[in-house]
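Peer 1: Handing you this structure, nothing more for now.
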Amino acid sequence: MSRYLWDTPDSLRTLLCELVSWESQTFTKGEREFASKVQAKLIELDYFKNNPDHITLHDAGLGRDLVTAMYKRPDVKETIVLISHFDTVQTEEYGDLEPLAFHPEELTKELFKRKDDLPVEVRKDLESGKYLFGRGTMDMKMGLALHMAMIEKASVEQWPVNLLLVTVPDEEVNSAGMRAAVKELVLLREKYDISYKMFLNSEPTFTQEPGDTKDYIYTGTIGKIMPGALFYGKETHAGEPMKGITANYIASFLTQRMEWNSLFRESDLGESTPLPVSLQQKDLKTQYSTQTPYRAAALYNVFIFKRTADEVIDLFEQVAQEAVASCNFAFKSICEKENVEGVGTVRTIRYEELIHYAENKFGAEFIGKLKEETFKNTSWDDREKSINLVDKLMIQCYELAPAVVLFFAPPYYPAVNTSRDPLVINSVKLMKEVASRFNVEVNQIHYFNGICDLSYVSYMDEDDGWTAYEGNTPVWGETYSIPFTDMLQLNAPVFNVGPFGKDAHQRTERLHIDSAFIQMPVMLESLIKSMFPKRKNMSQHSMNKIS
Ligand SMILES: [Zn+2]
């Protein structure tokens, strides 16, 4: 009998199907149960039978856990962290095939029977026999299966490097799993006295355009941040429109300037960020009336490569000031034409200024109560809580109106890029070389454009640029936080190499069989082996030879 459980294409495929069959959509019971199932599976390995305390579950909030499993080689400090997420997106889009979404072999067979209903590219892939369909096959239970196989191989063959498997929930929604893992990574480093060499994720390769068959390696990940604005005008009756100013009118000036604003575009290494766009703009009236809507809110999606929260809010403020100036100008000329006074000029205020002002006016205790009222409402998500708190504060401080309050709403994914790191440069070369043995072309992308958990490691920020985030995020420290200071300590390079697949998050999600079960194990093994620490006496020996 083989000493290995997961070292052949067939056994890996069986492992993948088992992981997929443990349904784990974000926020479901399956997601809550997944961690202990992984733990039980890993305990099947002799190494963890002998070292059960090397596998630990850690709280990731809402009854969910993340798993860390450590293959520790005595006297070795260098540690490669293998990062994956085990939650998946929903499955409604499978329709009557939904019960099979988590059973790849059956689903693939069933789809074959109805292949004529499928889009041409999907049908071709199905007929080729080269793809396995199912929710989570590609994104990203295969990545987890590969990491489990690597840790098995390392432990049986006693590789001279430590491997720390970290698999987390909630990647698809809020990354609560990864944000909790960061703290554990710092603690584990102290506990085992180890150092991190690389954060290796195995999210799948995403195609860049339809029909794309190239593999991609990602050596960084794009960031995303969400500036928001609360517009507070002056109410009036629709019959007397010039006695007020609607929040919708003010909002229109800012949204016009935020959408597609190229000031927010960043470029690096030949790649650039998509332009910003609004994700929400609504007035806060809950029912129809002829009172004008005097409170509104908007949220804007901003992608980042290098900018910190501090830089983004500076820019956002600049754009808001321009918007407000032009709103004031337009409003003034209407007032002149109508021969009325108007309701004053609109100002911009940052959330941190507003809260400071409100605390001075009412005292910290009263403001604490307002916060508590907002945060205890469990039917609101973090966006709604943010808007609601700013709204409550402005209602109390209406003398500041008309005004636009600028704030941040979760989530925030900092950008990370380690393409210039020598280890990364060599690893890219190596991956291209190994892939070419399989006749596969591998391209490098510097910023993974799909948003991923790597945002929370290898954080770089020399000027405390995150403090602007803490200060301007209404839900900060209450229902949302990011472990910036721990993240600053996790400064090893990031690298993403994973299997080829197509149509993640669609009912045609599918994994390329050869890539997953044949090529990837070889690629990951070569990558890890290339990072084996050089033995000191060996390098001394070769140095002597050279001199
Ligand atoms: Zn994913």
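Read-outs: derived from the displayed coordinates by stated rules, not from any lab. A quick note: this is a predicted structure, and the numbers were derived from the prediction, not measured. Here the Cβ positions follow ideal geometry from the backbone for every residue, glycine too, while neighbour counts run over all protein chains shown.
Peer 1: Using only alpha carbon pairs under 8 Å that are at least six residues apart, calculate the relative contact order of the chain and give it in whole percent. Don't skip to the answer; put the middle values down first.
Peer 2: On the way: 1042 pairs, mean separation 114.5, N = 547.
So the answer I get is 21 percent.
Peer 1: Work out the charge dipole of the chain with +1 on the Cβ of Lys and Arg and -1 on the Cβ of Asp and Glu about the Cα centre, then indicate which of 410, 83, 195 is farthest towards its positive end.
Peer 2: Of the listed residues, the answer is 195.
Peer 1: Take the Cα pairs of region 413-491, get the Kirkwood Rh, then feed it into Stokes-Einstein at 37 °C and 0.692 mPa s and tell me D in µm²/s.
Peer 2: Translational diffusion coefficient: 218 µm²/s.
Peer 1: Would you please put 48-56, 299-307, 84-92, 270-278 in order of how densely packed they are, using the mean number of other Cβ atoms within 10 angstrom per residue and starting with the highest?
Peer 2: On the way: 48-56: 14.1, 299-307: 20.3, 84-92: 22.0, 270-278: 15.9.
Result, highest mean Cβ count within 10 Å first: 84-92, 299-307, 270-278, 48-56.
Peer 1: Please sort through the DSSP H helices of the chain and keep those with an alpha-carbon extent of at least 27 Å along the long axis and a Kyte-Doolittle average not below -0.5.
Peer 2: For the chain, where a helix must reach 27 Å along its axis and average at least -0.5, the hits are 309-338.
Peer 1: Using only the Cα atoms of region 1-154, what are the Rg and Dmax in Å?
Peer 2: Final numbers for Rg and Dmax: 17.4, 59 Å.
Peer 1: Counting Lys and Arg as +1 and Asp and Glu as -1, each charge on the Cβ, what is the dipole of the chain about the Cα centre in debye, to the nearest 20?
Peer 2: 1020
Peer 1: What whole-number value in cubic angstrom gives the convex hull volume per residue for the C-alpha atoms of the chain?
Peer 2: Enclosed volume per residue, from the Cα hull, is 189 Å³.
Peer 1: Taking a cut-off of 18 Å between Cα atoms, list the aspartates and glutamates near residue 432, but don't count ones fewer than 8 places away on the same chain.
Peer 2: 203, 212, 215, 421, 441, 514, 525
Peer 1: Over every pair of different alpha-carbon atoms in region 134-191, take the mean of 1/r and invert it; report that Kirkwood radius in Å.
Peer 2: Values: mean 1/r = 0.0762 Å⁻¹.
Averaging 1/r across every pair of different Cα atoms and inverting gives 13.1 Å.
Peer 1: For region 239-304 and region 318-334, compute the distance between their C-alpha centroids and round to whole Å.
Peer 2: 14
Peer 1: Run the simple label-point estimate for residue 105 and residue 209 please: 7 Å along Cα→C-beta, distance reported in nm.
Peer 2: My value for the distance between the label points is 3.9 nm.
Peer 1: Please list the non-local residues whose amide H lies under 5 Å from the amide H of residue 207, H modeled 1.01 Å from N, same-chain partners needing a gap of 5 or more.
Peer 2: Close amide H contacts, sequence-distant or interchain: 503.
Peer 1: In addition: Please list log₁₀ I(q)/I(0) at q = 0.17, 0.18, 0.24 Å⁻¹ for region 1-79, using the Debye equation with identical point scatterers on the alpha-carbon positions.
Peer 2: Scattering profile of region 1-79, log10 relative to I(0): -0.82, -0.89, -1.19.
Peer 1: Calculate how large, on average over all directions, the projected area of the Cα convex hull of region 418-542 is; give the answer in nm² to one decimal.
Peer 2: Dividing the Cα hull surface by four gives the mean projection, 12.0 nm².
Peer 1: Using 0.36 nm per residue of separation minus the Cα-Cα distance, give me the extension gain between residue 43 and residue 373 in nm, one decimal.
Peer 2: Gain on stretching residue 43 to residue 373: 114.3 nm.
Peer 1: Could you tell me the extents of region 359-480's C-alpha atoms along the three principal axes, largest first, rounded to whole Å?
Peer 2: 68, 33, 26
Peer 1: Pull up all non-local amide H partners of residue 304: gap of 5 or more, or a different chain, and H-to-H distance under 5 Å with H placed in the peptide plane.
Peer 2: 223, 224, 225
Peer 1: Taking θ = phi - 60°, what integer Hz values does the Karplus form 6.51 cos²θ - 1.76 cosθ + 1.60 yield along region 165-174, in sequence order, with x for Gly and Pro?
Peer 2: Result, ordered by residue: 7, 10, 10, 10, x, 6, 5, 6, 10, 10 Hz.
Peer 1: How high is the relative contact order of region 280-389, in percent, counting Cα pairs under 8 Å that sit 6 or more residues apart?
Peer 2: 15
Peer 1: How big is the charge dipole of region 1-79 about its Cα centre, in debye rounded to the nearest 20, if each Lys and Arg gets +1 on its Cβ and each Asp and Glu gets -1 on its Cβ? Spell out each step's value before the answer.
Peer 2: Numbers: 11 positive and 13 negative charges, 10 e Å.
The dipole of region 1-79 has a size of about 40 debye.
Peer 1: Out of residues 5 or more away from residue 348 or on other chains, whose amide H comes under 5 Å of its own, with H placed 1.01 Å from N in the peptide plane?
Peer 2: Sorted by chain and number, the residues that satisfy this are 404.
Peer 1: Another question, if that's okay. Restricting to the chain, compute how many DSSP beta bridges are antiparallel as a %, nearest 5.
Peer 2: Here the share of antiparallel DSSP bridges comes out near 60 percent.
Peer 1: Give the relative contact order (percent, whole number) for region 231-326; include only Cα pairs under 8 Å separated by 6+ residues.
Peer 2: Details: 155 pairs, mean separation 31.8, N = 96.
Relative contact order for region 231-326 comes out at 33 percent.
Peer 1: If you don't mind, there's one more thing I want to ask. Taking 0.36 nm per residue of separation and subtracting the Cα-Cα distance, what length does fully extending residue 426 through residue 275 add?
Peer 2: Values: separation 151, 0.36 × 151 = 54.36 nm, distance 3.22 nm.
Separation in residues times 0.36 nm, less the Cα-Cα distance, equals 51.1 nm.
Peer 1: Would you mind working out the magnitude of the charge dipole of region 1-135 relative to its Cα centre, with +1 at each Lys and Arg C-beta and -1 at each Asp and Glu C-beta, to the nearest 20 Debye?
Peer 2: On the way: 19 positive and 26 negative charges, 82 e Å.
Dipole size: approximately 400 debye.
Peer 1: Computed FRET efficiency, Cβ-Cβ of residue 395 and residue 96, R0 60 Å: what is it to the nearest 0.05?
Peer 2: Efficiency, from the Cβ-Cβ distance: 0.75.
Peer 1: Kindly provide the pair-distance distribution of region 355-423 built from C-alpha pairs, with 5 Å bins from 0 and whole-percent values in order of increasing distance.
Peer 2: In order of increasing distance, the bins hold 3, 14, 21, 19, 15, 8, 5, 4, 5, 5, 2, 0 percent.
Peer 1: Can you pick out the pairs among 191/429; 124/502; 115/141; 141/306; 243/361 whose Cα atoms lie more than 22 Å from each other? Before the final figure, lay out the partial values.
Peer 2: Numbers: 191/429 34 Å; 124/502 13 Å; 115/141 25 Å; 141/306 30 Å; 243/361 27 Å.
Violating the 22 Å limit, Cα to Cα: 191/429; 115/141; 141/306; 243/361.
Peer 1: A further question follows. Can you figure out the FRET efficiency of residue 481 with residue 130, using R₀ = 30 Å and their beta-carbon distance, to the nearest 0.05? All intermediate terms of the calculation are to be shown ahead of the outcome.
Peer 2: Values: r = 44 Å, r/R0 = 1.46.
Computed FRET efficiency for residue 481 and residue 130: 0.10.
Peer 1: How big is region 313-400 in terms of Cα radius of gyration and Dmax, in angstroms?
Peer 2: Just the Cα atoms of region 313-400 yield Rg and Dmax of 16.3, 48 Å.
Peer 1: Restricting to region 279-434, compute how many DSSP beta bridges are antiparallel as a %, nearest 5.
Peer 2: Rounded to the nearest five, the antiparallel share is 50 percent.
Peer 1: Residue 514 to residue 115: extension gain in nm, 0.36 nm per residue of separation minus the Cα-Cα distance?
Peer 2: 141.5 nm
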